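*Asks:* A single structure is presented below for examination.
The values are calculated or read from the model by the stated rules, or taken from the named source; none is laboratory data. In this text, all values refer to a predicted model and were calculated from it rather than measured experimentally. As a convention, Cβ positions derive from the backbone with ideal geometry for all residues, glycine included, and neighbour counts pool all protein chains shown. Remember, those area values only see protein heavy atoms, side chains included, never the ligands or the DNA or RNA. Shrake-Rupley method; radii C 1.70, N 1.55, O 1.52, S 1.80 Å.
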Amino acid sequence: MYEYGGPAVESLSMPGRMTLCNMSIEGGARAGYVNPDETTYDWLRDTDAFEDDAEQFAERRQYWESIRSGEDATYDDVVTIDADAIEPTVTWGTTPGHTVGVSEPVPAPEDLPPADRAVAERAQEHMGVEPGEPMAGFPVDVAFLGSCTNARLPDLRAAAEIVEGREVADGVRGLVVPGSQRVKAAAEREGLDAVFHDGGFEWRDAGCSMCLGMNDDQLEGDEVCAASSNRNFVGRQGSADGRTILMSPEMVAAAAVTGEVTDVRNLAATPEVAR
Ligand code: SF4
């Protein structure tokens, strides 16, 4: 079990925390956990489960507060990460652990721990990436903004901010697949569907879609997909030769409109681009 805490985690929305916890298994944990706080309670209060039942909510809240990790909690290991030092991160290989900052060089297999080298070599051959080169500028064919993990309402809002006033690049197929029917309905109430439509994206029904190559939503040949989904294993998006680059929803939006892996911070800061 991994417990996540600290100011960066506490500042995340509930969907952000869920994304973080979803990926815990890739680090070897069976579950991820964030202690309940006001963000949690506000989110739960808004769910249908407690509608019109303040008394039940108050009872449950008391229980949730009782299961917070205490000041005296002990851990097998504690890892401290400076969130300010992490730039937008993308994958270069074929597991979610094959990651690098978007402007940083893809690692050479020989610089990795011996146990990881053979897999890295195969992954780089499959992806067609060059060690020493950054992922920024790598061309993409498909931009998939979806999955239960990274297509919740805050994700779609953040991506729509990047897309607004821009269009999917020539030759790129852009898909938006909300993480659930509830998210889809909420996004449509806010008009986010129109933003994506206007930007040249397909606005689709909620579902797994290209997260795992569902139905016709599959990569063809060795197409490259900028994906906000959560796994990039070989064949995951329906084509044995397909290539998946995982990234945040905002980064998928940036890749969609530029046609290549792009540091979204540069795009958002470009004043001459019409917004
Ligand atoms: S396949 Fe479906 S349920 Fe599984 S992670 Fe992807 S979107 Fe979620």
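*Asks:* Let me know the longest stretch in the chain that avoids all GluC sites (Glu not before Pro) found in a DSSP loop with at most 13 other C-beta atoms within 10 Å.
*Replies:* Values: sites that count: E51, E71, E220, E272.
Free of exposed loop sites, the longest segment is 72-219.
*Asks:* Please list, by residue number, every one of the chymotrypsin sites (Phe, Trp or Tyr not before Pro) in region 10-108 that is coil in DSSP and has at most 14 other beta-carbon atoms within 10 Å. Please list the in-between numbers first.
*Replies:* Values: sites: Y33, Y41, W43, F50, F57, Y63, W64, Y75, W92; in loops: Y75, W92.
Sites meeting the loop and neighbour criteria: Y75.
*Asks:* Of the residues D116, D263, D155, which exhibits the maximal mean-square fluctuation in a Gaussian network model of the chain defined by a 10 Å Cα contact cut-off?
*Replies:* Its mean-square fluctuation being the largest, the pick is D116.
*Asks:* For region 2-66, what is the charge dipole size about the Cα centre, in debye to the nearest 20, if Lys and Arg each add +1 at the Cβ and Asp and Glu each add -1 at the Cβ?
*Replies:* Details: 5 positive and 14 negative charges, 87 e Å.
So the magnitude is around 420 debye.
*Asks:* Turning to a different aspect of this structure: Roughly how many percent of the accessible protein surface of region 88-275 is carbon and sulfur, given a 1.4 Å probe and a whole-percent answer?
*Replies:* On the way: 3870 of 8220 Å².
On region 88-275, the fraction of accessible area on carbon and sulfur atoms equals 47 percent.
*Asks:* If you take every residue apart from P96 with its C-beta less than 10 Å away from the C-beta of P96, what net charge results, scoring Lys and Arg +1 and Asp and Glu -1? All intermediate terms of the calculation are to be shown ahead of the outcome.
*Replies:* On the way: positive: R231; negative: E26.
Every neighbour counted, the sum reads 0.
*Asks:* Next question, about the same structure. Run the numbers for A58 and L112: contour at 0.36 nm per residue of separation, minus the present Cα-Cα distance, in nm. Write out the running numbers ahead of the final one.
*Replies:* On the way: separation 54, 0.36 × 54 = 19.44 nm, distance 5.06 nm.
Result: 14.4 nm gained on full extension.
*Asks:* Now, a different point. Run the quick spin-label model on A8 and E87: label points 7 Å from Cα toward the beta carbon, then report their separation in nm to one decimal.
*Replies:* 1.5 nm
*Asks:* Here's something else I'd like to know. How large is the dipole of region 88-275 about the Cα centre if only Lys and Arg carry +1 and Asp and Glu carry -1, each at its Cβ, rounded to the nearest 20 debye? Please report the intermediate quantities before stating the final value.
*Replies:* On the way: 15 positive and 30 negative charges, 150 e Å.
The calculated dipole for region 88-275 is roughly 720 debye.
*Asks:* Between beta-carbons, use under 15 Å as the cut-off and find the net charge around E220, counting Lys and Arg +1, Asp and Glu -1. Please list the in-between numbers first.
*Replies:* Values: positive: R173, R236, R243; negative: D141, D216, D217, D222, E223, D241.
It works out to a net charge of -3.
*Asks:* Suppose each label sits 7 Å from its Cα in the direction of the beta carbon; what would the E220-E188 distance come out to in nanometres?
*Replies:* Output for this residue pair reads 2.9 nm.
*Asks:* What is the local net charge at P178, summed over the other residues whose Cβ is closer than 15 Å to its Cβ (Lys, Arg +1; Asp, Glu -1)?
*Replies:* Summing Lys/Arg as +1 and Asp/Glu as -1 gives -1.
*Asks:* Of the options G5, Q62, S24, report the single residue whose Cα projects farthest towards the positive end of the charge dipole of region 2-66 (beta-carbon charges: Lys, Arg +1; Asp, Glu -1).
*Replies:* S24
*Asks:* How many Å² of accessible area per residue for the chain, probe 1.4 Å?
*Replies:* Details: 14590 Å² over 275 residues.
Heavy-atom SASA per residue in the chain reads 53 Å².
*Asks:* Here's a follow-up. If each residue of separation counts as 0.36 nm, what is the full-extension length gain between L44 and E130 once their alpha-carbon separation is subtracted? Write down the numbers at each step before the final one.
*Replies:* Numbers: separation 86, 0.36 × 86 = 30.96 nm, distance 4.55 nm.
Here the segment from L44 to E130 would lengthen by 26.4 nm.
*Asks:* Ignoring everything except DSSP H segments at least 4 long, calculate the 222 nm mean residue ellipticity for the chain; use -39,500 (n - 2.57) per segment, divide by total residues, nearest 500. Mind dumping the intermediate values first?
*Replies:* Details: 10 runs with 91 residues, N = 275.
When only DSSP H runs of four or more count, the value is -9500 deg cm²/dmol.
*Asks:* Mind giving me the nanometre distance, one decimal, between the label points for V79 and E161, set 7 Å out from Cα along Cα→Cβ?
*Replies:* 2.8 nm
*Asks:* So what's the gap between the Cα centers of region 200-268 and region 129-153, to the nearest angstrom?
*Replies:* With region 200-268 and region 129-153 each reduced to a Cα centre, they are spaced 6 Å.
*Asks:* In region 88-275, what percentage of the DSSP-assigned beta bridges are antiparallel, given to the nearest 5?
*Replies:* Details: 5 of 19 bridges.
Bridges in region 88-275 that DSSP calls antiparallel: roughly 25 percent.
*Asks:* Please label the shape of region 1-158 as rounded, prolate or oblate, based on the square roots a ≥ b ≥ c of the eigenvalues of the alpha-carbon gyration tensor (a/c under 1.5 means rounded; beyond that, a/b larger than b/c means prolate, else oblate). Walk me through the intermediate numbers first.
*Replies:* On the way: a/c = 2.87, a/b = 1.85, b/c = 1.56.
Taking the square roots of the gyration eigenvalues as a ≥ b ≥ c, region 1-158 is prolate.
*Asks:* Which of these, R152, R173, R265, has the largest mean-square fluctuation under a Gaussian network model of the chain (Cα springs below 10 Å)?
*Replies:* R265
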